[in-house]
Amino acid sequence: GLHCVFQPIWSLSEGRPIGFEALSRFTSEPVRGPDEWFAEAGSVGLGAELEIAAIETAVAELASLPAPLYLAVNASPATVLDARLRSVLKRLPLDRLVLEITEHDEIAEVGAINAALDPFRAAGLRLAVDDAGAGYSGLQQILSLKPDLIKLDRTLIQDIHRDPAKRSLAVALASFAQATDSRIIAEGVETEAELQMLRAAGIDNIQGYLLGRPLALEAAMTLTTNPA
């Protein structure tokens, strides 16, 4: 019952999508969210197997995604260290791929993750820290990973136009990203007011329901190239 849907990531300055994030969905019984399926797989020692299966399902559609659009896939820190993931990466056009490491899991072996990914990053793979601001790591961990992309969690974006503290944090993180040669992506943008506040804060890359819901790849691409 595993399949993928794809959500666009937009550049406001370019007025177009620059990539798509692959998100897993399950049609098997019982009906429940993907986080629950991945958590259950992890609880019985099959977390890496399910994550790698999801990544392979996603990258099977990469050939249908026209260049220079990139594809972002998700992996936990433990899966990043799994040799089976590296076997998958060796077969892929790395310059079209972003690997997102979620902050919801503690990243205890930053050095080992860097060592595992360095050859792939040298070949073009980009690294993103997902859910920044909602998980375990802080700026020091982000500095250690040296990601190409920092994805701000939805909790930092929701009602940002009404919250001066969130606005200040967004501006500070945009400045931090510029100083560390990375780029911010604001996730979970759902309202025009949030979008305009992020634009004013200097954040150019946006992902969320306002600009596109997760859909089958063909449908997602049609909607983003022919917006209503």
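For this structure, a couple of remarks:
- As a length-normalised measure over Cα pairs under 8 Å and 6 or more apart, the relative contact order of the chain settles at 21 percent.
- Computed accessible area, Asp159, all protein chains, 1.4 angstrom probe, square angstrom: 60 Å²
- Protein accessible area in the stretch 19-169, 1.4 Å probe - carbon and sulfur %: 54 percent
- Percent RCO, i.e. relative contact order, over the stretch 115-228, from Cα pairs under 8 Å lying at least 6 residues apart: 21 percent
- Matching label, Cα Rg over 2.2 N^0.38 Å computed from the structure shown, candidates [x] 1.23; [y] 0.98; [z] 0.94: [y]
- Against the rule of thumb 2.2 N^0.38 Å, how large the Cα Rg of the stretch 144-224 comes out: 1.14
- Low-density loop positions, GluC sites (Glu not before Pro), the stretch 1-46 - DSSP coil, at most 12 other Cβ in 10 Å: Glu14
- Under 13 Å, Cβ to Cβ, from Ile185 - net charge with Lys/Arg +1 and Asp/Glu -1: -4
- Förster radius 25 Å - calculated FRET efficiency between Asp95 and Thr27, Cβ distance, rounded to 0.05: 0.15
- Residue separation of Lys146 and Ser11 scaled by 0.36 nm, minus their Cα-Cα distance, works out to 46.4 nm of gained length.
- Beta bridge orientation in the stretch 11-164: antiparallel %, DSSP, nearest 5: 5 percent
- Heavy-atom accessible area per residue - the stretch 40-129, 1.4 Å, Å²: 43 Å²
- Within the same chain, aspartates and glutamates fewer than 8 places from Lys166 are excluded, and of the rest, those with a Cα less than 17 Å from its Cα are Asp131, Asp153, Glu187, Glu190, Glu192, Glu194, Asp204.
- Charge tally in the Cβ shell below 10 Å around Leu12, where Lys, Arg are +1 and Asp, Glu are -1, Leu12 excluded: 0
The values are calculated or read from the model by the stated rules, or taken from the named source; none is laboratory data. Model, not experiment: these values are computed from the prediction. For neighbour counting, all protein chains shown are included, and Cβ atoms are generated from backbone atoms with ideal geometry for every residue, glycine included. Heavy atoms of the whole protein, side chains included, go into the accessibility calculation; ligands, DNA and RNA do not. Shrake-Rupley method; radii C 1.70, N 1.55, O 1.52, S 1.80 Å.
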